[in-house]
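Chemist: Dropping a structure here in structure tokens format, bear with me for questions.
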Amino acid sequence: MMPRSGRWPVGWFAFAFACTAPPEQSQPARIVVGVADTLVVHSRRATQMPVRVLDAAGHVMSVAGVRFRPTSGDSLPISATGLVKCTRRADVRLRVSLAGLSTNALLQCRPVRSVHAAGPMQFILGDSSQEMQIDVRGMNGERLDTFAMAVTLTDSMVVTVQGLRLRPKSIQGTVAEVRVGDESARFGIHVYERATTLDGIRPEQKFVAVPLHLVSGEVRRWHLPTGQWMFTMMPYEDEGRGLRLRIEGANCVPATLTRRRIVCQTVKDAWVIVYHPSTRAAPALGGTLLVRRVNS
């Protein structure tokens, strides 16, 4: 509001002028290269080495003008703008600069030939996290124990990704893709609802897990509604150990990806049977029956 006199006090004008004066332009203060000044490149294709330029307040600035210069190490084709092609394992020391700023960095070329992920991964909601079993191989078949990867999920509401570990969030299934360089692997992830029985299973219950503890000779039986189902007994019956699973009154075949799972089309009088394989005195056995409704 203007004063009644119709004139602004000199102090007010000076204050307004100071508020509208343009701030000084930020200047680059730091160059950040990779993690702890180390870049790991897995791709065999031409790759732009990532770099960030920050001002004194930590704000990200343009990287235009950043230059890369090898100073020691293995010989690799590296452009001044930071384009590199890692066709073999190599280590190169770099000088990264912009105007009057510069920093040293280590480039580690670790091209990848193959990625394998063990799966599927099975969870019961409420369980703790599990670590993904990822096998990454270099160009000569050597195993890479340290690697940079990206994980994508078809449904991110099923599990939380924490580095190499997955933590269940909701009862459902999803597919994960793990990518390292140019190679990738996919595997299924299923999160089950914990139950004490299969009796009275409802149509909306599509992932059900029944933990079991059976003594020698003990048998459990459940009638199952008509439909298509997938069954897994965990731990897997490797070398004849563990609880056994049998389906009666249904047409069953081993799952396509692994014989550890069976897919069954149940009919009117189908029964799921889990039993302790020993009829003699033997230690009790524990396991979990996983039941997945394949059709809706």
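The values are calculated or read from the model by the stated rules, or taken from the named source; none is laboratory data. Since we're looking at a predicted model, the values are computed, not measured. Glycine gets a Cβ as well: all are built from the backbone with ideal geometry, and neighbour counts include every protein chain shown. Each accessible area value is taken on the protein alone, full model and side chains, heavy atoms only, with ligands, DNA and RNA left out. Shrake-Rupley method; radii C 1.70, N 1.55, O 1.52, S 1.80 Å.
Chemist: Please work out which one of (1) of a type in the set (A, V, I, L, M); (2) at pLDDT 95 or above; (3) farther than 23 Å from PRO254 by Cβ is the condition VAL215 fails and give its number.
Modeler: Condition not satisfied by VAL215: (2).
Chemist: Would you tally the residues in the stretch 96-113 being hydrophobic (A, V, I, L, M, F, W, C) and open to solvent by 50 Å² or more (accessible area, probe 1.4 Å)?
Modeler: 1
Chemist: In addition: Considering every residue within the stretch 257-265, establish whether at least one is open to solvent by 60 Å² or more (accessible area, probe 1.4 Å) and farther than 28 Å from ALA118 by Cβ.
Modeler: yes
For (1) surrounded by 17 or more Cβ atoms within 10 Å (Cβ to Cβ); (2) in contact (Cβ under 8 Å) with a residue 12 or more places away in the chain; (3) of a type in the set (Phe, Trp, Tyr), each residue gets a yes or a no:
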| position | (1), (2), (3) |
| --- | --- |
| GLN172 | yes, yes, no |
| ILE189 | yes, yes, no |
| THR197 | no, yes, no |
| GLY200 | no, no, no |
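Chemist: While we're looking at this one, here's another question. Find the strands (runs of 3 or more DSSP E) located wholly in the stretch 165-241 whose residues include 1 or more that are under 19 Å from the mean Cα position of the chain (by Cα) and among the acidic types (Asp, Glu), and list them.
Modeler: Result: 172-180, 183-194.
Chemist: All but one of (1) open to solvent by less than 30 Å² (accessible area, probe 1.4 Å); (2) within 14 Å of GLU177 (Cα to Cα) hold for PHE123; state the number of the condition that does not hold.
Modeler: Exception for PHE123: condition (2).
Chemist: Among the residues of the stretch 26-35, is there at least one that is over 30 Å from HIS190 (Cβ atoms), basic (Lys, Arg), open to solvent by 40 Å² or more (accessible area, probe 1.4 Å) and modelled with pLDDT of 95 or more?
Modeler: The answer is no; no qualifying residue exists.
Chemist: Just name the residue that is least open to solvent (accessible area, probe 1.4 Å) out of those in the stretch 266-296 that are β-branched (Val, Ile, Thr) and more than 16 Å from VAL210 (Cβ to Cβ).
Modeler: THR266
Chemist: Take the residues in the stretch 245-296 that are among the β-branched types (Val, Ile, Thr) and assigned to a loop (DSSP other than H, G, I, E, B), then tell me which one is modelled with the highest pLDDT.
Modeler: That would be VAL294.
Chemist: So in the stretch 67-94, with the set limited to residues that are charged (D, E, K, R) and open to solvent by less than 80 Å² (accessible area, probe 1.4 Å), which one is nearest to ARG44 (Cα to Cα)?
Modeler: Step by step, filter the stretch 67-94, then rank; the result is ASP91.
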